[in-house]
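Engineer: Got a structure for you, questions after.
Quick note: the coordinates plus some simple rules give every number you see, no bench work behind them. Quick caveat, the model's predicted, so the values are computed rather than measured. Neighbour counts run over all protein chains shown; Cβ positions are idealised from the backbone, glycine included.
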Amino acid sequence: MQKTSSKTLYDYWNSIRGSRSAPERKDIDPTKIREALANTFILELDESDKFSFRLAGSHLCTSYCRELKGRSFSALWHQRDTDAMDTLLRAVTEDHAVALITFHGTTALHTKISFETILMPLRHNGSTHTRLLGAMTALDEPYWLGVQPIMEQRITGLRLIWPDDIALEDKVREVATNVSADVSHANHTAPMAMPAMVFGRTARRYAHLAVIDGGRQ
């Protein structure tokens, strides 16, 4: 995680979930995440079984030059990345993983900016299938950010972090086959587990995914 908003929200989510795989929506206290609130959002499953913004912070709306509440989150992504995003969303809602995504946002004038997005499971009425908690932050802030709206976004990197109580061998999803070759480390072969260090912790690499055992520490 490169941005303070991602780290702040992830640490808070981790602290309030305790031994659960995800906290309840009512557990979230916005005053505890003031530093990240402007970049924070909550998604909800809509009538078409896609995710839309239920809430979106002010910095996030400014980046897109429009109010995002009620707009489709799923529709933001390039068609090339639709399958990959669907897989990631299932990993978060069904398997209770945390997804960390980097992407390029492109404006109508073909200027580009890189963003970091984190997605975490959130319980609503006991289910994790209809709500997601997340943050989206620009890695840099060019002068035109907030003037030129983001019109298209393409994934450049993916990472999954799994809660402690998930059996890793049973829960790894192969996303690489659904993502174009311009994503770092993507390929179309079966994933091989390779040891790696991520944020100073031991991780297993499956294609371009780095899977970290134990997300609560």
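Engineer: Quick one: net charge of GLN2's neighbours, Cβ under 13 Å, K/R +1, D/E -1?
Structural biologist: Once positives and negatives cancel, what remains is +1.
Engineer: List, in order, the whole-Hz ³J(HN,Hα) value for each residue of the range 68-75 obtained from phi through the Karplus relation with A = 6.51, B = -1.76, C = 1.60 and θ = phi - 60°; use x for Gly and Pro.
Structural biologist: Result, ordered by residue: 9, 4, x, 8, 6, 6, 4, 6 Hz.
Engineer: Now, a different point. Please order TRP77, TRP13, TRP144 by the number of other Cβ within 10 Å, starting at the fewest.
Structural biologist: TRP144, TRP77, TRP13
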